[in-house]
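Peer 1: Please read through the structure below; I'll follow up with questions.
The values are calculated or read from the model by the stated rules, or taken from the named source; none is laboratory data. What you see is a predicted model, and the numbers here were worked out from it, not measured in a lab. Cβ atoms come from the backbone with ideal geometry, glycine included; neighbour counts cover every protein chain shown.
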Amino acid sequence: MAKAISVRLDDEAQRALRVLEATGLSQSEAIRSALLASAVRLRRQGELAAEVAALEADDRDRAEMSSIAAMMESMRAAR
């Protein structure tokens, strides 16, 4: 069941809506599409943050990164 809502758009949001409508989307389609895309981005950002936290907590991974960084630095210094 669809739920109707009303929103007040500022100038920036109105311009963004016009850009989406220019692709052939109706206002409703454009707004639904933008909401869904935004939710996907936020979910991905959360997943990425969790992955970064897991990597930062991994002592073996941090040790390997340090080792690689030291090796790369020694190769750069040799030039």
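A quick yes/no check of all residues on (1) closer than 30 Å to Arg8 by Cβ; (2) assigned to a loop (DSSP other than H, G, I, E, B); (3) out of contact with any helix residue (DSSP H, G or I) (no Cβ under 7 Å at 6 or more places or on another chain):
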position	(1), (2), (3)
Gly24	yes, yes, yes
Ser28	yes, no, yes
Arg32	yes, no, yes
Val40	yes, no, yes
Gly46	yes, no, yes
Val52	no, no, yes
Ser66	no, no, yes
Ala69	no, no, yes
Ser74	no, no, yes
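Peer 1: Looking at (1) part of a loop (DSSP other than H, G, I, E, B); (2) of a type in the set (Lys, Arg); (3) modelled with pLDDT of 95 or more, can you tell me which one Lys3 breaks?
Peer 2: Every condition holds for Lys3 apart from (3).
Peer 1: Under 9 Å by Cβ, and 6 or more places apart or on different chains, what pairs join a residue from segment 16-30 that is within 21 Å of Ala4 (Cβ to Cβ) with one that is among the hydroxyl-bearing types (Ser, Thr, Tyr)?
Peer 2: Here the result reads Leu20/Ser33; Leu25/Ser33; Ala30/Thr23, each pair linking segment 16-30 to a residue that is among the hydroxyl-bearing types (Ser, Thr, Tyr).
Peer 1: Moving to a separate point now. For the list (1) surrounded by 10 or more Cβ atoms within 10 Å (Cβ to Cβ); (2) of a type in the set (Lys, Arg); (3) modelled with pLDDT under 95, I need the number of the one condition that Arg76 fails.
Peer 2: Only one criterion is unmet by Arg76, namely (1).
Peer 1: Does Glu21 fit the bill of being under 26 Å from the mean Cα position of the chain (by Cα) and either surrounded by fewer than 10 Cβ atoms within 10 Å (Cβ to Cβ) or of a type in the set (Asp, Glu) (or both)? If you could, list the steps in order and put the result at the bottom.
Peer 2: Working: under 26 Å from the mean Cα position of the chain (by Cα): yes; either surrounded by fewer than 10 Cβ atoms within 10 Å (Cβ to Cβ) or of a type in the set (Asp, Glu) (or both): yes.
Against the criterion (under 26 Å from the mean Cα position of the chain (by Cα) and either surrounded by fewer than 10 Cβ atoms within 10 Å (Cβ to Cβ) or of a type in the set (Asp, Glu) (or both)), Glu21 qualifies.
Peer 1: Among the residues of segment 54-64, which ones are of a type outside the set (Gly, Ala, Ser) and in a helix (DSSP H, G or I)?
Peer 2: Here is the first cut: in segment 54-64, the ones of a type outside the set (Gly, Ala, Ser) are 55-56, 58-62, 64.
Passing the criteria: Leu55, Glu56, Asp59, Arg60, Asp61, Arg62, Glu64.
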